[in-house]
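Peer 1: I have a structure here, written as structure tokens, and I will follow up with some questions on it.
The values are calculated or read from the model by the stated rules, or taken from the named source; none is laboratory data. Owing to the predicted nature of the structure, the values given are computational and were not obtained by experimental measurement. All Cβ positions, glycine included, derive from the backbone under ideal geometry; neighbour counts span all protein chains shown.
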Amino acid sequence: MRKLSSALIASTLALATALPARAETKIEVLHHWVSESEVAALNTIREALAAKGYGWQDSAVGGMSGGNMQQALRSRLAAGNPPGAMQFIGWEGIDWSSEGVMRDLNDLDKANGWQATIAPQVLPFVKNGDNLIAVPINMHRQNWVWANKAAFDKAGIEQPKTWAELIADGEKLKAAGIIPLAIGDEPWQIQVVFDALVSDIGGPDFYRKALVDLDPEALNSDTMKQVFDTLRQVRGLVDDGFNGRDWAVATGMVIDGQAAMQVMGDWAKGEFLAKGLKPGTDFLCFATPSETPSFQFVIDSFGMFKVSDPEVSKAQVALAEVVMDPKVQHDFNLIKGSIPARTDLGVDDFDDCAKKGFEERATAIESNAMLGGATHGFAAQPQFAAVFGDVAAQFFVNEMSSEDAVQLLVDGIDNAR
Amino acid sequence: MARRKSITDRFADWLPRLVLAPSLLAVIVGVYLFIAWTGWISLSSSKMVPQYDFVGLEQYYRLWATPRWHTAVANLFIFSALFLTVTIAVGLLMAILLDQNIRAEGALRAIYLYPMALSFIVTGTAWKWILNPNLGIQKVVNGLGWESFVFNWITQPDFAIYTIVIAAVWQSSGFAMAIFLAGLRGIDNSVIKAAQIEGASLPRIYASIIVPMLRPAFLSVIVLLSYISIKNFDLVLAMTNGGPGSATEVPSTFMFSSVFRRNQMGVGAASAIMMLMTVAAIIVPYLYSELKEDRHGH
């Protein structure tokens, strides 16, 4: 009897949902986007996928900047049950494809000419050898300064052109009773400043030598000492209560006018926009100041695992097409606060900061000042990138000389090799 | 008649083993097998995924050449030593005071025991705010008019580990108190009365008679607290996330970040084995002495 009634219910439900005519194949996507705007942005992909007749099975594992997601993936792969697709940051996609578990997307790439639309400096993160193994959805810039316009006016300062100017402005801000720089003590937040300093002081080529190639000479150079000297001066711009401060809390301090500036990627922009603030009039956005400005990118991409179910395999094709679809890239990034990974799209209806980023990206691609954000894994492999974070953070919170910091860096990198 | 009895007997003989078998199997696979696996990984070149090769002690050399690991080990010892001593002292004192036939003892006991009901994440988050110089104690005292008061340990790399001790003591001393109180209640009143008749003062009675009689309670508290301090992970994560810098890194957070965030699975496994050895160095002598006493018929 119970069986019969549940069969009845099931068939009624089936009738009710049978309108899309066929049983929907779902593709499971593992990602770590759980905040409100991130989920809203994901919905644009989900809807476009549904229009192609495929379902999206959400598998969000938040926390630990994706650390928890990595843990989940390892156990899934070990059990021989990988998800259909996954969001990748840094070298993750390339590393997994070297393990032989990723599917290549070469046919789709050839048919659609995707590679031509991706910045050449980004390709190493989605291409393993000759195989395209992931499709990038967005591009964030890591080296922005977010500033409160009213605080700048109160202290009588303009947008600084160099770090020396920025540090000098800090004194004026302090005199006006404003904390010059909002930051937390988490190593990655300090590393964001460090990354910016490396290319702003040493130039993009130095950045590549030190943070990508891990060249011992560059690591041990006077330029690196100078970077730490400047980082020490930046420490003087920070208040005492920076322990355990979340990046979004620091952004909030800039929004309130309690602090004047924050060095942070453009995910911080969403916090300003959510409060109804306008770029240019209420808050300022500009690249970290330098005579050799760079664009330090962070991308999110989707890679597909090898699966046995042919239906899921078709769904993977659909998902890749959706991710590279110009309209989806446009809509997704409008919500997420980033800019489209495709370089061939218009951004006329984006906010001024995004437009600025879009223009400066084009310049950076030309002048080869397009750099992977080391903090987020787009320079050296994580075991090395983490050493930079450790040393920068230790230097920042301790009384340590720049010479000692450079030594610590050289030793740490050697030990991780 | 005799045959039937022997079947039931045999069944009765086998029953305990049958009942214990599933959990024994679970423990063998879930604990010992994975300890062995971790040991193997620690001798391999594993980075992102397990590699089943053999590189000898290379990962251990690498581990001990990492300054963060030295910080983590030093922190473990500082934390454990202070956490154990202070928690035991505070717990014992509270238990003795509560044992003086005071009013509303039940209510007080519940109040002191209550922090134990919170998870370390909640404790850590609350103390992070309480100790933040711009939000917590320092701000309150400054606001009351003592402008020069400074209490910013949590921002000082050299002192931050002590703030974690403060939070952990707050959380666990009620628990130590409960065990000591149970121990105190188990002491025969006539012993105390006899000592009083002999003219011993109350502090003397406690120092020379009662506290020594609490030895089993001490052992339980020490074992339980030492394992809390070695597995300490969530408290650090919630309170300082290993910071400032990496000043409050402990072995468990080091292990997690090595394996899941730095692609150094081999180093992570080596650190796990080092932790296991530390625990074994404490537990094995304890188990040995306990089992030996059993054999003597205690």
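Peer 1: Look at residue B:41 and say whether it is within 14 Å of another protein chain (Cβ to nearest Cβ) and among the hydrophobic types (A, V, I, L, M, F, W, C).
Peer 2: It is true that residue B:41 is within 14 Å of another protein chain (Cβ to nearest Cβ) and among the hydrophobic types (A, V, I, L, M, F, W, C).
Peer 1: Follow-up. Grab the helices (runs of 4 or more DSSP H) fully contained in the range A:159-219, keeping just those with 3 or more residues being on the phi > 0 side of the Ramachandran plot and free of Cβ contacts under 8 Å to residues at least 40 places away in the same chain.
Peer 2: Fully inside the range A:159-219 and qualifying: nothing.
Peer 1: A further question on this structure: Looking at (1) surrounded by 12 or more Cβ atoms within 10 Å (Cβ to Cβ); (2) closer than 21 Å to residue B:255 by Cβ, find the lone condition where residue B:32 falls short.
Peer 2: With respect to (1) surrounded by 12 or more Cβ atoms within 10 Å (Cβ to Cβ); (2) closer than 21 Å to residue B:255 by Cβ, residue B:32 is out only on (1).
Peer 1: Now for a separate question. Name the residues in the range B:275-293 that are of a type in the set (A, V, I, L, M) and surrounded by fewer than 19 Cβ atoms within 10 Å (Cβ to Cβ), would you?
Peer 2: B:276, B:277, B:279, B:280, B:281, B:282, B:283, B:284, B:287, B:291
Peer 1: Would you please name the residue that is farthest from the other protein chains (Cβ to nearest Cβ), looking only at residues in the range A:390-409 that are hydrophobic (A, V, I, L, M, F, W, C) and within 18 Å of residue A:211 (Cα to Cα)?
Peer 2: Filtering the range A:390-409 for residues that are hydrophobic (A, V, I, L, M, F, W, C) and within 18 Å of residue A:211 (Cα to Cα), the one farthest from the other protein chains (Cβ to nearest Cβ) comes out as A:406.
Peer 1: Residue under question is residue B:159, and the condition is that it be modelled with pLDDT of 90 or more, over 14 Å from residue B:242 (Cα atoms) and out of contact with any Ser or Thr (no Cβ under 9 Å at 6 or more places or on another chain); does it hold?
Peer 2: No.
Peer 1: Could you check the range B:225-245 and list, in sequence order, the residues that are assigned to a helix (DSSP H, G or I) and within 14 Å of chain A (Cβ to nearest Cβ)?
Peer 2: B:234, B:235, B:236, B:237, B:238, B:239
Peer 1: Let me ask you something else. Kindly provide the set of residues from the range B:187-228 that are among the hydroxyl-bearing types (Ser, Thr, Tyr) and out of contact with any Ser or Thr (no Cβ under 8 Å at 6 or more places or on another chain), ordered by number.
Peer 2: B:190, B:201, B:206, B:208, B:220, B:227
Peer 1: Mind telling me which of the residues B:211, B:259, B:221, B:250 ends up being touching a residue at least 60 places away in the same chain (Cβ under 8 Å), under 30 Å from residue B:63 (Cα atoms) and of a type in the set (A, V, I, L, M, F, W, C)?
Peer 2: B:250
Peer 1: Out of the residues in the range B:248-266 that are facing chain A (nearest Cβ under 7 Å) and part of a loop (DSSP other than H, G, I, E, B), which is surrounded by the fewest Cβ atoms within 10 Å (Cβ to Cβ)?
Peer 2: B:261
Peer 1: Looking at the range A:198-210, can you tell me whether even one residue there is within 14 Å of chain B (Cβ to nearest Cβ), in contact with a Pro (Cβ under 8 Å, 6 or more places away or on another chain) and within 22 Å of residue A:267 (Cα to Cα)?
Peer 2: Scanning the range A:198-210, I find no residue that is within 14 Å of chain B (Cβ to nearest Cβ), in contact with a Pro (Cβ under 8 Å, 6 or more places away or on another chain) and within 22 Å of residue A:267 (Cα to Cα), so the answer is no.
Peer 1: For the range A:13-39, which residues satisfy the criterion of being modelled with pLDDT under 50 and of a type in the set (A, V, I, L, M)?
Peer 2: A:13, A:14, A:15, A:16, A:18, A:19, A:21
Peer 1: May I pose another question? When the residues of the range B:152-186 are filtered to those that are without any contact (Cβ under 8 Å) to a residue 40 or more places away in the chain, within 12 Å of chain A (Cβ to nearest Cβ) and surrounded by 16 or more Cβ atoms within 10 Å (Cβ to Cβ), which remaining residue is nearest to the chain's Cα centre (by Cα)?
Peer 2: B:153
Peer 1: Continuing with the same structure: Filter the range A:355-389 down to the residues that are within 14 Å of chain B (Cβ to nearest Cβ) and β-branched (Val, Ile, Thr), then identify the one that is surrounded by the fewest Cβ atoms within 10 Å (Cβ to Cβ).
Peer 2: By that ranking, first place goes to A:387.
Peer 1: If a residue has to be of a type in the set (Gly, Ala, Ser), surrounded by fewer than 19 Cβ atoms within 10 Å (Cβ to Cβ) and more than 10 Å from every other protein chain (Cβ to nearest Cβ) to count, how many in the range B:58-94 make the cut?
Peer 2: Of the residues in that region, 3 qualify.
Peer 1: Hey, another quick one. Sort out which residues of the range A:234-275 are within 14 Å of another protein chain (Cβ to nearest Cβ) and among the β-branched types (Val, Ile, Thr), and write them in order of number.
Peer 2: Residues satisfying the conditions are A:238, A:249.
Peer 1: If you check residue A:332 against the conditions, is it of a type outside the set (Lys, Arg), surrounded by 23 or more Cβ atoms within 10 Å (Cβ to Cβ) and either within 14 Å of another protein chain (Cβ to nearest Cβ) or in a loop (DSSP other than H, G, I, E, B) (or both)?
Peer 2: So residue A:332 does not fit the description; no.
Peer 1: Does any residue in the range A:78-103 that is over 12 Å from residue A:304 (Cα atoms) come within less than 9 Å, Cβ to Cβ, of a residue that is acidic (Asp, Glu) six or more places away or on a different chain, and which pairs are these?
Peer 2: Listed by first residue and then by second, the contacts come to A:89/A:300.
Peer 1: Also: Identify, from the list B:187, B:192, B:209, the residue that is at pLDDT below 85 and either more than 30 Å from residue A:399 (Cβ to Cβ) or in a loop (DSSP other than H, G, I, E, B) (or both).
Peer 2: After applying the criteria, what remains is B:192.
Peer 1: Restricting to the range B:152-167, give me the number of residues that are part of a helix (DSSP H, G or I), of a type outside the set (Phe, Trp, Tyr) and under 17 Å from residue B:74 (Cβ atoms).
Peer 2: 5
Peer 1: If I filter the range B:116-141 down to residues being more than 29 Å from the chain's Cα centre (by Cα) and away from chain A (no Cβ under 12 Å), which single residue comes out as surrounded by the fewest Cβ atoms within 10 Å (Cβ to Cβ)?
Peer 2: Once the filter is applied, the top-ranked residue is B:140.
Peer 1: Moving on to the next point. Among the helices (runs of 4 or more DSSP H) lying completely within the range A:25-126, list those that include at least 2 residues that are more than 14 Å from chain B (Cβ to nearest Cβ).
Peer 2: Correct list: A:36-51, A:106-112.
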